[in-house]
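Report on the structure given below.
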Amino acid sequence: MVEEEELPICSDIMQKNEAKKEICGCVYVPIRWFRMLAREMHWSFVFGVVVTYGISQGLGGALNKVGTQYYMKDVQKVQPSEAQVYSGITTIPWIVKPIWGILTDVVPILGYHRRPYFILAGAIGVISMLFLSLDKDLHIFFALLALTAGSASVAIADVTIDACVAQKSGTHPLIASDMQSLCALSSSIGALVGYSFSGILVHLIGPVGVLGLLAIPSGLVLIVGAVLNESHIPDFSYSQVNEKFISACKSMWTTLACPQVWRPCLYMYLSLALSINIYQGMFYWLTDATDGPSFSKATIGYIYSIGAVGALLGAILYQYGLKDYPFRKLCFWTQLLFGVSGMLDLFLVLRLNLKFGIPDYVFVVIDACVSDMIGRLKWMPILVLSSKLCPPGIEGTLFALLMSIDNAGVLSGSWGGGLLLHVLNVTRTKFDKLWLVILIRNLLRVSPLCLLFLIPGGDPNATLLPTDILDTEEGESPETESIELAFLADNGDGKSATLHG
């Protein structure tokens, strides 16, 4: 009897021990992973990735988005159309990313390629955000200048850390995927945390206070520049700079002149430009107490965090289920779904969701998750297609140029949305024509379907470039290698979300 009673007790103890081991494993595996990365590539590199992707872009980007929206609405008191145009202006530093990248590669400062640019980015961010936050009655021109400078700070740091990741990927090819996982994980967690607390912080300290907090991520970027482990170049010949610039420009022009390249580039730009953005108009309506649901600041932050989860699900769905579909077929369905998903906004503004008994908050959460997931699915094949259009020798430089073209498309779509809001007289207090703005936007979203002939329709894993371009670029001088390093790890976030903006 004693042995029979002891058996269940022993079994319970063994189960508890196994559970403890599983919990310890869940805790220690990530720690061992971080320690491995720090041991193989120096702790300062891991610190730089976490700070730049996780804190500066992820958390800081989330706080900046929500804080800026409330800053324009409640502090500057501008119209939705004006806020839409201003948000486009702040993304201009991301359009000139190739310039930042080439500078970090071919123009060292005091013998260092990366450290000075981190310090420069951090200093610009700290100064601009403190300048913006210390004067609550700042003129819109100076406020816009400070916001654009802050955006340039994040863009410069982004390109510089991309260069570091690319270099480490070349010297440590066996853990290159681990580095990309570290980048993606840092960015995703940072964005989720930032959006979750953004609304609460805006409520507690106001939008000006939230923008002032962004000086902290910039200060951490500055520290990255101070501690980063980088080899010193004592004697650098600056006479090589012009040669490398000219060589890169010639190679890019030759490639862009090829129909297999400029045709998809034209589609990518037009598809983004025609998919006009009216998120400022929707934001003003969502927070309006008369015509809209009057969501609180905390609620707005939670909605954006749900959208970030939807975007992550879209990336996972593409990776594990859609990446082998032909570009033209996938772009057709994602663009079509992108237009259809916009009808959710129309249902919301017309208050049809209430007629079906669906509360505003529930409907908006579903809308945010679905729209961001489809938006990410729409963007992923464009990223892959862009990488396929880059010939050997100038992969990084041309990829950054293609991302700049796409960011220019986003900028055009943002300004187009601002113009539409202005023409139809959607203001801070008038939303009677917002439904028409949404309807026009949805029709424009499906218009790129007429341009799908510009995209290759074959196997997405096949080579898209002609043989003569490949042969020419394979014979390029090794001098171009240093130029491409700044962009090999670039995945277009500016990411998200950024395509930035």
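The values are calculated or read from the model by the stated rules, or taken from the named source; none is laboratory data. Because the structure is predicted, anything quoted here is derived from the model rather than measured. Neighbour counts are summed over all protein chains in view; Cβ atoms, including those assigned to glycine, are modelled from backbone coordinates with ideal geometry. We work out accessible area using only protein heavy atoms, side chains counted, and drop any ligands, DNA or RNA first. Shrake-Rupley method; radii C 1.70, N 1.55, O 1.52, S 1.80 Å.
General observations
- Cα-Cα P(r), the range 91-130, percent of pairs per 5 Å interval: 5, 22, 23, 27, 16, 5, 0
- Where N is the number of residues in the range 94-210, Cα Rg divided by 2.2 N^0.38 Å: 1.27
- Note that the range 280-432 carries a Kirkwood radius of 17.5 Å, evaluated over its alpha carbons pair by pair.
- Annotation for the range 274-358: chymotrypsin sites (Phe, Trp or Tyr not before Pro) lying in DSSP loop with at most 13 further Cβ atoms inside 10 Å of their Cβ are Phe356.
- Portion, in percent, of the accessible area of the range 338-390 that falls on carbon or sulfur, probe 1.4 Å: 76
- Which listed pairs, of Lys73/Lys297; Lys77/Lys433; Lys244/Lys388; Lys355/Lys430; Lys73/Lys378, have C-alpha distances above 18 Å, in listed order: Lys77/Lys433; Lys244/Lys388; Lys355/Lys430; Lys73/Lys378
- A 1.4 Å probe run over the range 195-344, with the rest of the protein chains in place, finds 47 Å² accessible per residue.
- Computed over the range 42-167: relative contact order in percent, which uses C-alpha pairs under 8 Å that are six or more apart: 34
- The accessible surface of the range 67-156, taken with every protein chain in place and a 1.4 Å probe, is 75 percent carbon and sulfur.
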